[in-house]
1. Assuming R0 = 25 Å, can you tell me the calculated FRET efficiency for the pair E37 and D158, based on Cβ-Cβ distance, to the nearest 0.05?
2. Below 14 angstrom from the Cβ of L175, what's the summed charge of the other residues (Lys, Arg +1; Asp, Glu -1)?
3. Work out the length of the dipole vector of the chain about its Cα centre, built from +1 on the beta-carbon of each Lys and Arg and -1 on the beta-carbon of each Asp and Glu, and round it to the nearest 20 debye.
4. If R0 is 30 Å, what FRET efficiency do you get for T203 and E25 from their C-beta distance, rounded to 0.05?
5. Please list 159-171, 111-123, 17-29 highest first by mean number of surrounding beta-carbon atoms within 10 Å per residue.
6. Under 5 Å between amide H atoms, partner at least 5 residues away or on a different chain: which partners does G57 have, H built in plane at 1.01 Å?
7. Where does each of 78-87, 148-157, 101-110 land if you order them by average Cβ count within 10 Å, highest first?
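Please treat every number below as a calculation from the coordinates, not as lab data. None of these values were measured; they are calculated from a predicted model. Glycine also receives a Cβ, built like all others from the backbone with ideal geometry; neighbour counts cover every protein chain displayed.
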Amino acid sequence: MTDLTDLAGQTQAVYERNARRFDAERPKILFERAWLERFLEALPAQAAILDLGCGSGDPIARFLTERGCRVTGIDASSAMIALAREKQPAGDWRVADMRALDLAESFDGIIGWDSFFHLTRDEQRAVLALTARHLRPGGALMLTVGPEDGEVEGRVGDDRVYHSSLSETEYRALLAEQGLSVTDFVAEDPRCDFHTVLLARKTDAQAG
């Protein structure tokens, strides 16, 4: 049986195989709406937003775009980006790995919904620093993580897929080192399909 360490390296391949099935089965009812609204409250009108692991861009990036935001979506899966381009041809969709995030732009908001938690814990530590460098002063970061430190497996289609999380305490400490403060952390929110959501804000004094 493949252990979790090996499984962590297979995430991109899993989504390549399952892109259309995942998109078809992914709920579009926007149970995330309350959190997305809270995220947008911290941002200026027509905010520039980076969507980490955007998938097909539906429903998260679509909702943000409909609210007037300028969304840049990145995903390591070329099949997912192809779907995003098919669904929303006018969007800014790029094949890119958040683990090597190095864009010329900075953003008012960055979101990693149902994507950041596919990284290993060491990768998460590194990506938090990369993400902070792409966030403008006063900007907001929202991630779905796990309720506690650990590694588990989930499912995408018929494939196993890797998930991990740091502890809330460590997230707070790592983000503080990057000039961000956690404004909200709700473990297994029953109003959001039991997602664990972290919302943080970059201090105005922090350089972008």
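1. Using R0 = 25 Å, I get an efficiency of 0.15.
2. +1
3. 680 debye
4. Result of the calculation: an efficiency of 0.15.
5. 111-123, 159-171, 17-29
6. Here the answer is none, since no amide H 5 or more places off falls under 5 Å of that of G57.
7. 78-87, 101-110, 148-157
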